[in-house]
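Asker: Could you have a look at this structure, given as structure tokens, before my questions?
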Amino acid sequence: MPFLKYLLLPFAGLYNIVTRLRNHLYDIGHKKSFQFESVVISVGNMNVGGSGKTPMIEYLIRLLSERYKIATLSRGYGRKTKGFHIATRKDDAQTIGDEPYQLQRKFGDKIAVAVGEERALAIPSILNERPDVQVILMDDAFQHRAVVPQFSILVTDYEKPFYKDFLMPLGRLREARAGASRAHTVVVTKCPELEAGNEEKIRHELHNLVGNKPVFFSSMSYQSPVAIGHNHPVSLDVVLVSGIAKNGPLEKEVGKRYKIHRHFKFPDHHSYTAAEIESIHQTADLCNAGSILTTEKDMVKLIGSSLFDVVKKKNWFYIPIQATFTKNGSDFDEMICHLIEEKLKEVPQA
């Protein structure tokens, strides 16, 4: 492995030059950035892969949707369509992507769920079609410099914080660590129970890169399994299926409550086939596993019309997760709500 790292080092150096040049062009105004009257809050990360962005978006929706008109905006990774689109009840994971569809199913008419590769073009389209929208939550947009958010939330995984990572392809960083200084706050996600000394050490590492900006710590709360198209109880003997960036924490959590006979691990945003589902069913039968557990992100693809007839042959369940702050969550809530109130005061009234 050390030898491989030496081979990758020149490529990481080239990647560093390209990303630094891109950021510099935005910083000096050579590349245009746009700011909008509606409050735009960005949630993103420095690393490729799962850092808890979608659970943070869901947390913000729960916090804000009773007080403000909310829209979410993401690229719609993995969808079979292109361009700007606001989700309707006719959409599914194929048309808008798995994570936007997850938001659409969960929050329905409470919010507008939009997808679009070009965020600077998508935001005016949202405001044109939904002029009552007050707050736009941009998912996975930290490196999307064409839009200047009023507030930028940088999330980083406790197990793999960005300040211990390296630039691609040597590591999984999308840009140099110094880019984190653009964030207005950092949330360390998926935290275990932290000792005070460890928390301060992490805070110190982050302050070295982002300055004296607020740092919060959150964990993932795994909810009880929810049946997919049946009303049978979940068994103790299970097969686990996941197509997410980091499946270790999921396996560890499920293993606390159930006996996992087999874990089918697929790539992030995996599109399942009927043949794969049948193979999972055969393995469950061989293992005498009475239930098949999966993630909510995977579930929204499994309930598609082309797969659901196969899925409902067995007792499938999905496990919802929620982001919860380990401490000072009320400070985070107050910070976000105060920001929105102050920004909305600046918006001209129609």
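Asker: Could we say that Ala146 is more than 19 Å from the chain's Cα centre (by Cα) and of a type outside the set (Asp, Glu) here?
Answerer: yes
Asker: Of the residues in segment 305-325, how many are open to solvent by less than 30 Å² (accessible area, probe 1.4 Å) and aromatic (Phe, Trp, Tyr)?
Answerer: 2
Residue-by-condition table, conditions (1) in contact with a strand residue (DSSP E or B) (Cβ under 6 Å, 6 or more places away or on another chain); (2) in a helix (DSSP H, G or I); (3) more than 30 Å from Ser152 (Cβ to Cβ):
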{"site": "Lys256", "(1), (2), (3)": "no, yes, yes"}
{"site": "Asp268", "(1), (2), (3)": "no, no, no"}
{"site": "Thr283", "(1), (2), (3)": "yes, yes, yes"}
{"site": "Leu286", "(1), (2), (3)": "no, yes, yes"}
{"site": "Ser306", "(1), (2), (3)": "no, yes, yes"}
{"site": "Lys313", "(1), (2), (3)": "no, no, yes"}
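Asker: I'd like to verify a number: residues in segment 131-162 that are open to solvent by 30 Å² or more (accessible area, probe 1.4 Å) and more than 17 Å from Ile41 (Cα to Cα), how many?
Answerer: 4
Asker: Then there's this: Could you pull out the residue among Gly108, Gly49 that is in a helix (DSSP H, G or I), surrounded by fewer than 21 Cβ atoms within 10 Å (Cβ to Cβ) and at positive phi?
Answerer: None of the other options fit; the residue is Gly108.
Asker: If you don't mind, there's one more thing I want to ask. Name the residues in segment 246-304 that are without any contact (Cβ under 8 Å) to a residue 40 or more places away in the chain, of a type in the set (Lys, Arg) and surrounded by 13 or more Cβ atoms within 10 Å (Cβ to Cβ), would you?
Answerer: Within segment 246-304, Arg257, Arg262, Lys265 meet the criteria.
Asker: For Gly248, indicate whether it is at pLDDT below 95 and among the small types (Gly, Ala, Ser).
Answerer: Answer is yes for this residue.
Asker: While we're looking at this one, here's another question. Against the definition (in contact with a helix residue (DSSP H, G or I) (Cβ under 9 Å, 6 or more places away or on another chain), free of Cβ contacts under 8 Å to residues at least 40 places away in the same chain and of a type outside the set (Val, Ile, Thr)), how does Phe308 come out, yes or no?
Answerer: It is false that Phe308 is in contact with a helix residue (DSSP H, G or I) (Cβ under 9 Å, 6 or more places away or on another chain), free of Cβ contacts under 8 Å to residues at least 40 places away in the same chain and of a type outside the set (Val, Ile, Thr).
Asker: Moving on. Residues in segment 165-174: is at least one farther than 22 Å from Gln35 by Cα, of a type outside the set (A, V, I, L, M, F, W, C) and surrounded by 21 or more Cβ atoms within 10 Å (Cβ to Cβ)?
Answerer: The answer is no, given that none of the residues of segment 165-174 is farther than 22 Å from Gln35 by Cα, of a type outside the set (A, V, I, L, M, F, W, C) and surrounded by 21 or more Cβ atoms within 10 Å (Cβ to Cβ).
Asker: Tell me, which residue of segment 235-245 that is over 17 Å from Ser306 (Cβ atoms), outside any strand (DSSP E or B) and open to solvent by less than 50 Å² (accessible area, probe 1.4 Å) is modelled with the highest pLDDT?
Answerer: Once the filter is applied, the top-ranked residue is Ser235.
Asker: Something else: Check Lys32, Lys69, Lys5 and return the single one that is closer than 30 Å to Val300 by Cβ, open to solvent by 20 Å² or more (accessible area, probe 1.4 Å) and not aromatic (Phe, Trp, Tyr).
Answerer: Lys69
Asker: Working only within segment 182-210, note down all residues that are in a loop (DSSP other than H, G, I, E, B) and at pLDDT below 95.
Answerer: Lys190, Cys191, Pro192, Glu193, Leu194, Glu195
Asker: Continuing with this model, one more query. Kindly indicate whether any position in segment 330-339 is more than 21 Å from Glu253 (Cα to Cα), β-branched (Val, Ile, Thr) and under 26 Å from the mean Cα position of the chain (by Cα).
Answerer: Yes, that holds for at least one residue.
Asker: Test Lys90 against the criterion of being open to solvent by 60 Å² or more (accessible area, probe 1.4 Å), part of a loop (DSSP other than H, G, I, E, B), among the basic types (Lys, Arg) and out of contact with any Phe, Trp or Tyr (no Cβ under 6 Å at 6 or more places or on another chain), and give yes or no.
Answerer: So Lys90 fits the description; yes.
Asker: Check whether at least one residue in segment 192-215 is under 21 Å from the mean Cα position of the chain (by Cα), within 21 Å of Pro320 (Cβ to Cβ) and in contact (Cβ under 8 Å) with a residue 24 or more places away in the chain, and report yes or no.
Answerer: Yes, because at least one residue in segment 192-215 is under 21 Å from the mean Cα position of the chain (by Cα), within 21 Å of Pro320 (Cβ to Cβ) and in contact (Cβ under 8 Å) with a residue 24 or more places away in the chain.
The values are calculated or read from the model by the stated rules, or taken from the named source; none is laboratory data. Remember, it's a predicted structure, so these values are computed and weren't measured experimentally. Cβ: placed from backbone, ideal geometry, glycine included. Neighbour counts: every protein chain shown. Note: accessible area is taken over every heavy atom of the protein model, side chains too, but ligands, DNA and RNA are not part of it. Shrake-Rupley method; radii C 1.70, N 1.55, O 1.52, S 1.80 Å.
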